[in-house]
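These notes concern the structure reproduced below.
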Amino acid sequence: MATKLFIDGEWTEASGGAIATVDPATEQVIEEVGTAAAADVDAAVAAARAALGRADWAGLLPVQRAALLFRLADLIDQHADELAALETRDQGQPIGISRMVSVGGAAEHFRYYAGWVTKIQGTVNPVSFPDTLHYTRREPVGVNALITPWNFPLMILAWKLAPALATGNTVVIKPSEVTPLTSIRLVELCREAGIPDGVVNLVTGDGSTGALLAEHMDVDHLSYTGSTAVGKIITRASADSNLKRLTLELGGKAPSIIAADADIDAAVAGNIQGSILNSGQVCAAYTRFYVDKKREAEFVDKLAGGVSGLRLGNGLEEGTDLGPLVSAKHLGHVERLVEVGRQQGAEVVTGGARADRDGFFFTPTVFAGVTDEMTIMHDEIFGPVLSITSYEDTDELDAIIARANDTEYGLAATVWTRDIATSQRLANGIRAGAVFVNMPSIPDMAAPWGGYKASGWGREMGPWAIDAYTETKSVWLHY
Ligand code: NAD
């Protein structure tokens, strides 16, 4: 029997059929997951609309709403082992990553935004009218659709759900059809935490279910993480429906610049972590390496040695460094782009092929001799594929910045140097939402997360997410 939808506090049968979710390490079906059709999506949005103004939600004091979020964080901690194992089975990531990044990160996110509930403030403003009090109120934006991808399903849902609830909104969640299971479990925990009926609703299904939300006339804000291509479709759907507000976290093609004075061993370790985590299925993964010619051979050698020593395996086995790619379809995408890299003349230093075992495993791959025009330097591969090119130390920093910026994306970048002036010039010149100096990319609740250019609109995390989930009302009082 297929999993159900969660609408207005009830688990209900989906009316659009079902899609199987598969364990990428074994290629076995884990579960059939219900597909929400238009009537289901309408019911979920209507439930979210009705709950928005109901006393059991809108009437909660900030301390009471905060308590619900703290309780949810505690429940995530109490079910951490179960959630981590479920994430690993459905998504493939090593269990250590599931525990620390996915489950640990989700719990901390709810705790962080629980803290915000009692600290959301308006302002009193010096308007130039006599005898007038002017102040602002932060109000929930309303009904929010939360559409999430398959790379970090639980954690990315927490990035959206925590600030949405902290600010008094209601939501309809639509997880990726490829990895819906931890989202379903989180919704059960929301109920257990005591979040009132209708506040959190869940519709599962593929892109067609997501499209129903994007086109919906009664969704006020849609927060989406996923590919840039779908981000564009959602933007058009918003424009053609009710001009719903959008927060878009889209694709990336992060550059990594390694200067001649860099600590190469630290750069190799940090770049492996920053590029191979979750088998490279990370939007901010470092994928284009610009290395000073003098250190190129050493860097290529050590990087290739490092990645080829990683242990591929089922993520449930302790000691696995690298799990499978998420699906057969995605494996096909990575294989195709690696083949294009070869055909265009890049040299495979290590990897370059599907692993010889069951499951959607791809061997970590390092390409050397890459040139700026090659497809692998532009297209998002979203797999364990690292492409290395070089620069002459006579190149001006401006030329390196221009090469790093030669992409439609602008999510993240990294710079490896011991020279403060070089790091600052590069950090200032690179057009990306986050620049990391001498460290792998890591999201943190307190720092904004989001992209320049085609990597998205808006920012998640910190107070920036509070902005995304609230409207600012201007109140004028003449006395
Ligand atoms: P995807 O675009 O295929 O799917 C993402 C979600 O959108 C899924 O839930 C899917 O069902 C839904 N969807 C598909 N078509 C839709 C439509 N027409 N209307 C509404 N919803 C639709 O993305 P993916 O393959 O799951 O994720 C990988 C992509 O996500 C990569 O490009 C990656 O860079 C990006 N990503 C970005 C960030 C970030 O923070 N910027 C984080 C993680 C992943």
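The values are calculated or read from the model by the stated rules, or taken from the named source; none is laboratory data. Please read these numbers as outputs of a predicted model, since none were measured by experiment. For neighbour counting, all protein chains shown are included, and Cβ atoms are generated from backbone atoms with ideal geometry for every residue, glycine included.
Regarding Leu181, is this residue in the same structural domain as Ala468 (by TED's automatic domain parsing) and within 10 Å of the ligand (Cβ to nearest atom)? Considered against the rule, which asks whether it is in the same structural domain as Ala468 (by TED's automatic domain parsing) and within 10 Å of the ligand (Cβ to nearest atom), Leu181 comes out as no.
The residues of region 86-100 that are surrounded by fewer than 24 Cβ atoms within 10 Å (Cβ to Cβ) and small (Gly, Ala, Ser) amount to a single one, Gly96.
Among the residues of region 336-360, those identified as under 24 Å from Leu250 (Cα atoms) and either crowded, with 16+ Cβ neighbours inside 10 Å or at pLDDT below 95 (or both) are Leu337, Val338, Gly341, Phe360. Which numbered condition trips up Gln273, out of (1) assigned to a loop (DSSP other than H, G, I, E, B); (2) surrounded by fewer than 20 Cβ atoms within 10 Å (Cβ to Cβ); (3) under 24 Å from the mean Cα position of the chain (by Cα)? Tallying (1) assigned to a loop (DSSP other than H, G, I, E, B); (2) surrounded by fewer than 20 Cβ atoms within 10 Å (Cβ to Cβ); (3) under 24 Å from the mean Cα position of the chain (by Cα), Gln273 fails exactly one: (1). Among the residues examined, Gln281 does not qualify as more than 16 Å from the ligand (Cβ to nearest atom), in contact (Cβ under 8 Å) with a residue 24 or more places away in the chain and in the same structural domain as Ser387 (by TED's automatic domain parsing). It is to be established whether one or more residues within region 288-306 are among the charged types (D, E, K, R), closer than 23 Å to Met100 by Cα and crowded, with 24+ Cβ neighbours inside 10 Å. No: region 288-306 contains no residue that is among the charged types (D, E, K, R), closer than 23 Å to Met100 by Cα and crowded, with 24+ Cβ neighbours inside 10 Å.
Look at region 440-460: where a residue is closer than 20 Å to Ile97 by Cα and a partner is of a type in the set (S, T, N, Q) and surrounded by fewer than 21 Cβ atoms within 10 Å (Cβ to Cβ), sitting 6+ places away or on another chain with Cβ atoms under 6 Å, you get Pro440/Gln273. Residues in region 380-409 that are without any contact (Cβ under 8 Å) to a residue 60 or more places away in the chain and of a type outside the set (A, V, I, L, M) were compared, and the one that is surrounded by the most Cβ atoms within 10 Å (Cβ to Cβ) is Asn405. One residue stands out in region 184-213 among those that are away from the ligand (no atom under 13 Å from the Cβ) and on the phi > 0 side of the Ramachandran plot: the one that is surrounded by the fewest Cβ atoms within 10 Å (Cβ to Cβ), namely Gly194. Of Thr182, Thr209, all but one fail to be under 21 Å from Gly142 (Cα atoms) and in a helix (DSSP H, G or I); the exception is Thr209.
Scanning region 1-21 for residues that are touching a helix residue (DSSP H, G or I) at 6+ places or on another chain (Cβ under 8 Å) and either part of a loop (DSSP other than H, G, I, E, B) or not polar (S, T, N, Q) (or both) yields a total of 8.
On the stretch given as region 91-135, residues that are over 32 Å from the mean Cα position of the chain (by Cα) and of a type in the set (Ser, Thr, Tyr) total 3. Checking every residue in region 245-268 against the condition of being away from the ligand (no atom under 13 Å from the Cβ), under 23 Å from the mean Cα position of the chain (by Cα) and free of Cβ contacts under 8 Å to residues at least 40 places away in the same chain gives zero matches.
For region 219-244, a residue qualifies if it is within 9 Å of the ligand (Cβ to nearest atom), in contact (Cβ under 8 Å) with a residue 40 or more places away in the chain and of a type in the set (A, V, I, L, M, F, W, C), and the qualifying residues are Leu222, Ile234. Whenever a residue of region 144-166 is free of Cβ contacts under 8 Å to residues at least 60 places away in the same chain, its partners that are within 13 Å of the ligand (Cβ to nearest atom), lying with C-beta atoms within less than 6 angstrom and at least six residues away or across chains, give the pairs Met155/Ser102; Met155/Gly105; Leu157/Thr148; Leu157/Ser183. Taken together, Ala51, Ala84 contain a single residue that is in a helix (DSSP H, G or I), more than 30 Å from Gly319 (Cα to Cα) and assigned by TED's automatic domain parsing to the domain that holds Ile184, which is Ala51. Scoring His216 on the criteria (1) surrounded by fewer than 23 Cβ atoms within 10 Å (Cβ to Cβ); (2) part of a loop (DSSP other than H, G, I, E, B); (3) within 16 Å of the ligand (Cβ to nearest atom); (4) in contact (Cβ under 8 Å) with a residue 40 or more places away in the chain leaves a single failure, condition (1). Mind checking whether some residue in region 290-304 is out of contact with any helix residue (DSSP H, G or I) (no Cβ under 7 Å at 6 or more places or on another chain), within 16 Å of the ligand (Cβ to nearest atom) and assigned by TED's automatic domain parsing to the domain that holds Glu392? For region 290-304, residues out of contact with any helix residue (DSSP H, G or I) (no Cβ under 7 Å at 6 or more places or on another chain), within 16 Å of the ligand (Cβ to nearest atom) and assigned by TED's automatic domain parsing to the domain that holds Glu392: absent.
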